[in-house]
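Report on one structure; see the data block that follows.
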Amino acid sequence: VGNYKRTVKRIDDGHRLCNDLMNCIHERARIEKGYAQQLTEWAKRWKQLVEKGPQYGTVERAWCAFMSEAEKVSELHLEVKGSLMNEDFEKIKNWQKEAFHKQMMGGFKETKEAEDGFRKAQKPWAKKLKEVEAAKKAYHAACKEEKLAISRETNSKADPALNPEQLKKLQDKVERSKQDVLKTKEKYEKSLKELDNATPQYMENMEQVFEQCQQFEEKRLRFFREVLLEVQKHLDLSNVASYKNIYRELEQNIKTADAVEDLRWFRANQGPGMSMNWPQFEEWSADLNRTLSRREKKKASDGVTLTGINQTGDQVSQPNKHSSSVSVQSNTVQSVQSSYNPFEDEEDTGSTVSEKEDNKIKNVSSYEKNQSYPTDWSDEESNNPFSSTDANGDTNPFDEDSPPTMEVRVRALYDYEGQEQDELSFKAGDELTKMENEDEQGWCKGRLDNGQVGLYPANYVEPIQ
């Protein structure tokens with residue numbers, strides 16, 4: 001009696017499992033979106049670097065094909081994210097709403113119907129079972145009393161102090177206890193027989209209600225299987241024709257890279273085959289003289305810079321004035337370049353990943369393909385060998401705009417145990433303060449009531465209305 005509670009609880013578990021499956025799909029969708037955004041940012045940044053860098057010709061096009069591949073794959077992963085949320089997530093949400101109906105007093109209609117069905121089917125049999133238990137108790141008590149009476153009668157026969165009247169009373173007591181045993185035994189056997197007769201009908205009624213619960217659960221299990229198959233189709237890019245075409249096109253672009261063609265192009269445009277501008281006799285012109293004077297004056301006022309130390313114009317005529325500054329800045333550049341090791345493990349240094357990536361990008365190439373070179377020259381060995389041009393500028397592509405600070409009270413929907421030192425731990429129902437909005441990976445920054453500040457999954461909480 002009452003063991004049907006497990007079957008009834010399964011209905012409530014089904015509703016909660018729908019929520020769990022939706023959360024699972026939601027988190028995967030956020031991962032797909034974050035990956036797509038990272039691919040797009042990576043492709044945009046490196047496409048600019050390659051286009052500005054010294055690589056040229058067919059190999060440049062082959063290199064840029066990787067960025068095109070990333071952009072196309074990013075679009076596919078955004079489509080996966082859209083399918084997970086717009087189709088699978090919504091399908092589970094709508095099915096849950098149709099399958100489970102909340103009551104005004106709490107709980108679900110389906111749960112109450114199953115509870116009432118089991119209780120109604122079990123009530124007659126449970127009543128007879130209660131009668132059997134009472135009859136058994138009465139029978140066992142009569143047997144105990146009979147045994148006690150017989151024991152007293154046996155002991156009285158050995159006691160000479162008892163008169164015949166007292167002995168007769170004990171004998172009567174034994175006789176009555178025997179009759180009580182017979183009556184209670186008969187009643188006990190009768191109630192057991194009635195219970196046995198009622199058992200088949202009881203089993204039939206209980207099984208009927210149980211089958212209804214089984215059918216309800218079967219719908220949920222079949223629906224989950226159907227949804228999971230659809231999720232699998234949305235995640236499986238190997239069967240998407242456009243996905244295969246992306247890598248087929250990438251392979252073709254790489255195979256079109258031709259070293260001979262690139263060397264021929266470089267020879268014709270940057271080598272011996274380029275058009276020459278041989279020096280020719282030029283007449284003196286007053287306008288030309290003024291132009292040259294202004295140019296030389298501008299170069300003299302600019303001074304020496306890290307990115308291009310060129311000794312031209314007045315600098316050649318004044319070697320002592322700038323010699324000390326040139327040597328100091330050269331040493332500075334040496335120290336900057338030697339301080340970064342691109343093969344160094346990230347965990348062995350105190351710098352952050354963004355700082356390392358920023359350094360890597362700045363050291364991609366020593367010059368840009370469209371970089372202009374000074375036409376002035378000198379026989380003196382005083383030029384700075386460390387002169388270079390930053391291909392990426394001074395901006396850090398990994399810096400993100402920090403969101404505006406806004407504090408909102410939220411309530412935890414589920415238990416969460418922090419996996420890292422900078423993550424918060426809380427129980428379902430706990431309240432905390434959200435300090436920063438959700439980032440691209442789906443994390444929020446918050447503060448517990450005890451003052452602890454850390455990160456937590458955004459979809460584990462809801463705003464307090």
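Looking at (1) open to solvent by 80 Å² or more (accessible area, probe 1.4 Å); (2) modelled with pLDDT under 95, which is the one condition that is false for PHE108?
(1)
Restricting to region 406-446, count the residues that are under 21 Å from the mean Cα position of the chain (by Cα), outside any loop (DSSP other than H, G, I, E, B) and of a type in the set (Lys, Arg).
The total comes to 3.
Mind listing whichever residues of region 2-46 are open to solvent by 70 Å² or more (accessible area, probe 1.4 Å), over 16 Å from the mean Cα position of the chain (by Cα) and more than 30 Å from GLU211 (Cβ to Cβ)?
Correct list: GLU41, TRP42, LYS44.
Is there any pair with a first residue in region 125-137 that is over 16 Å from THR184 (Cα atoms) and open to solvent by less than 60 Å² (accessible area, probe 1.4 Å) and a second that is of a type in the set (Phe, Trp, Tyr) and in a helix (DSSP H, G or I) whose Cβ atoms are under 8 Å apart and which are 6 or more apart or on different chains, and what are they?
Close Cβ pairs satisfying both conditions: TRP125/TYR202.
For region 96-152, which residues satisfy the criterion of being closer than 30 Å to GLY14 by Cα and of a type in the set (A, V, I, L, M, F, W, C)?
Within region 96-152, ALA99, PHE100, MET104, MET105, PHE108, ALA114, PHE118, ALA121, TRP125, ALA126 meet the criteria.
Looking at (1) surrounded by fewer than 16 Cβ atoms within 10 Å (Cβ to Cβ); (2) touching a residue at least 60 places away in the same chain (Cβ under 8 Å), which is the only condition GLU90 fails?
(2)
In region 451-465, how many are outside any strand (DSSP E or B) and either at pLDDT 90 or above or open to solvent by less than 50 Å² (accessible area, probe 1.4 Å) (or both)?
5
In the list VAL209, VAL174, VAL181, VAL231, which residue meets the criterion of being in a helix (DSSP H, G or I) and touching a Gly at 6+ places or on another chain (Cβ under 7 Å)?
The unique qualifying residue is VAL209.
I'm checking my understanding of the structure. Among residues of region 186-225 that are touching a residue at least 60 places away in the same chain (Cβ under 8 Å) and over 27 Å from LYS120 (Cα atoms), which one is nearest to the chain's Cα centre (by Cα)?
Filtering first and then ranking leaves PHE224.
One line per residue, one yes/no per condition, for (1) charged (D, E, K, R); (2) open to solvent by 80 Å² or more (accessible area, probe 1.4 Å); (3) assigned by the TED database to the domain that holds LEU21:
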residue: LYS173; (1), (2), (3): yes, no, no
residue: SER177; (1), (2), (3): no, no, no
residue: VAL181; (1), (2), (3): no, no, no
residue: THR184; (1), (2), (3): no, no, no
residue: LEU192; (1), (2), (3): no, no, no
residue: GLU204; (1), (2), (3): yes, yes, no
residue: GLN215; (1), (2), (3): no, yes, no
residue: LEU221; (1), (2), (3): no, yes, no
residue: PHE224; (1), (2), (3): no, no, no
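Out of the residues in region 128-185 that are over 27 Å from ASN197 (Cβ atoms) and acidic (Asp, Glu), which is farthest from the chain's Cα centre (by Cα)?
GLU165
The values are calculated or read from the model by the stated rules, or taken from the named source; none is laboratory data. Predicted model only: the values in this text are computed from it and were never measured. Ideal geometry is used to build each Cβ from the backbone, glycine not excepted, and the neighbour counts take in all protein chains shown. The protein model used for the area step is the full one, side chains on, heavy atoms only, and it has no ligands, DNA or RNA in it. Shrake-Rupley method; radii C 1.70, N 1.55, O 1.52, S 1.80 Å.
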